[in-house]
1. With the requirement that a residue be surrounded by 12 or more Cβ atoms within 10 Å (Cβ to Cβ) and part of a helix (DSSP H, G or I), what does segment 97-112 give you?
2. From the list Leu143, Leu68, exactly one residue is touching a strand residue (DSSP E or B) at 6+ places or on another chain (Cβ under 9 Å) and modelled with pLDDT under 80. Which is it?
3. Please name all residue pairs, on different chains or six or more residues apart, with Cβ atoms under 7 Å, provided the first residue is in segment 4-20 and is under 17 Å from Ala45 (Cα atoms) and the second residue is at pLDDT below 80 and of a type in the set (Lys, Arg).
4. Only residues that are of a type outside the set (S, T, N, Q) and touching a residue at least 60 places away in the same chain (Cβ under 8 Å): list them for segment 237-252, please.
5. Starting from segment 261-282, take each residue that is in a loop (DSSP other than H, G, I, E, B) and list its partners that are aromatic (Phe, Trp, Tyr), counting only C-beta distances under 6 angstrom and pairs at least six apart or across chains.
6. For segment 251-271, name all the residues that are in contact with a Phe, Trp or Tyr (Cβ under 9 Å, 6 or more places away or on another chain) and within 21 Å of His180 (Cβ to Cβ).
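The values are calculated or read from the model by the stated rules, or taken from the named source; none is laboratory data. The shown structure was predicted, so the numbers you read here are calculated from the model rather than taken from an experiment. Cβ sites come from the backbone with ideal geometry, for glycine too, and all protein chains shown count toward neighbours.
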Amino acid sequence: MKKVERINTIMRYINNRSHFTITEIMQEFNISRSTAIRDIREIEALGMPLVAEVGRDGGYSVMHNSILPVVRFTDNEIKALFIAFMATRNAQLPYLKSRQSLAEKLLGLISKNQQDDLVLLDEILLFEGTNPHNPDLLELSDLPHPMLEKLIQNLLLDSYLWITLEEGKEIKSYPIFLLHLYHEKSLWLMEAFDLQEEKKRLFAVDQLTHVEPYSPKKRVSRKKILELLGKQEEEFNLILELGPRAIAQYKKYHPLKAFISYTNPYQTTAMLKMFVQVNQRDELTETINWLLFLGEDLKFRKAPEEVREGLRQRGDREAGEKMNGVN
């Protein structure tokens with residue numbers, strides 16, 4: 001381990017402890033006593049507020065309520081941070097303004113040579129999803145929905161929430177227990193348990209108009225919620241085998257609830273299982289269109305009659321033949 005890396009690591013090590021000794025540093029970092037003492041003195045010179053304790057059990061402790069010095073980064077650590085910033089452009093992330101200020105601070109901390117390296121990286125690397133017409137790292141070109149950060153702030157306090165959404169021309173409110181918050185196909189989505197109807201629902205953060213903590217008089221425990229969800233799991237009614245071309249099409253686009261599991265280590269074949277609500281016309285039409293989009297490199301193992309009939313009506317002979325003998 002290089003000296004700069006060791007110093008940084010020792011600083012983090014001792015900052016997480018109320019008390020430490022030279023012997024502990026020697027053992028933890030496999031260094032000699034003289035090297036440990038020199039490192040501690042250098043850390044003190046950097047401004048870390050250490051207090052020496054004399055006596056048989058003496059050592060060092062870190063003064064509380066003191067400002068710690070700036071941590072120094074290695075060249076590779078700087079590049080790793082910068083590339084991480086680059087990879088998040090146009091990703092509609094929360095705290096995007098903070099990412100901008102962090103990038104500015106990082107650029108202000110480093111030498112001119114290091115800055116030149118980052119400028120070169122910025123010119124060479126282009127990640128999927130980055131807007132080629134506006135790739136400036138410091139430009140906030142794709143701010144997420146303003147309610148996203150408020151939602152996260154409430155989630156840090158409690159997963160029981162009262163949310164209000166604009167659904168079409170209607171404004172609706174729901175008491176929920178939020179299970180997951182995730183980003184998929186340029187949308188932030190909330191997977192939640194509706195505490196009134198006692199079922200799983202999916203909400204788009206873009207529709208969110210208000211969120212606040214929800215404290216029902218009698219709470220349904222998380223354990224009970226998971227038990228209810230386990231009993232309500234819908235049986236898959238559409239099962240497909242995908243070949244490499246169908247997998248490639250799946251990666252380009254797929255419905256939110258269509259997930260695949262690869263069936264060989266080379267990820268060239270996969271099984272797809274999902275539940276299609278055939279009584280909802282829009283979902284049924286979208287599913288049929290998507291199956292046609294997947295192409296011919298697939299086999300049906302199970303499909304609802306409504307899906308089969310929809311494919312036949314669309315004149316897909318290949319799909320009709322594949323449907324023969326399907327459950």
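1. Of the residues in segment 97-112, the ones surrounded by 12 or more Cβ atoms within 10 Å (Cβ to Cβ) are 99-100, 102-104, 106-107, 109-110.
The answer is Arg99, Gln100, Leu102, Ala103, Glu104, Leu106, Leu107, Leu109.
2. Details: Leu143 fails: touching a strand residue (DSSP E or B) at 6+ places or on another chain (Cβ under 9 Å).
Result of the check over Leu143, Leu68: Leu68.
3. Pairs found: Val4/Arg72; Asn8/Arg72.
4. The initial filter retains those residues of segment 237-252 that are of a type outside the set (S, T, N, Q), namely 238-248, 250-252.
Of everything in segment 237-252, those that are of a type outside the set (S, T, N, Q) and touching a residue at least 60 places away in the same chain (Cβ under 8 Å) turn out to be Leu238, Ile239, Leu240, Glu241.
5. Phe275/Phe236
6. Let us first name the residues in segment 251-271 that are in contact with a Phe, Trp or Tyr (Cβ under 9 Å, 6 or more places away or on another chain), namely 252-255, 257-258, 260, 268-271.
Hits for segment 251-271 are His254, Pro255, Lys257, Ala258, Ile260.
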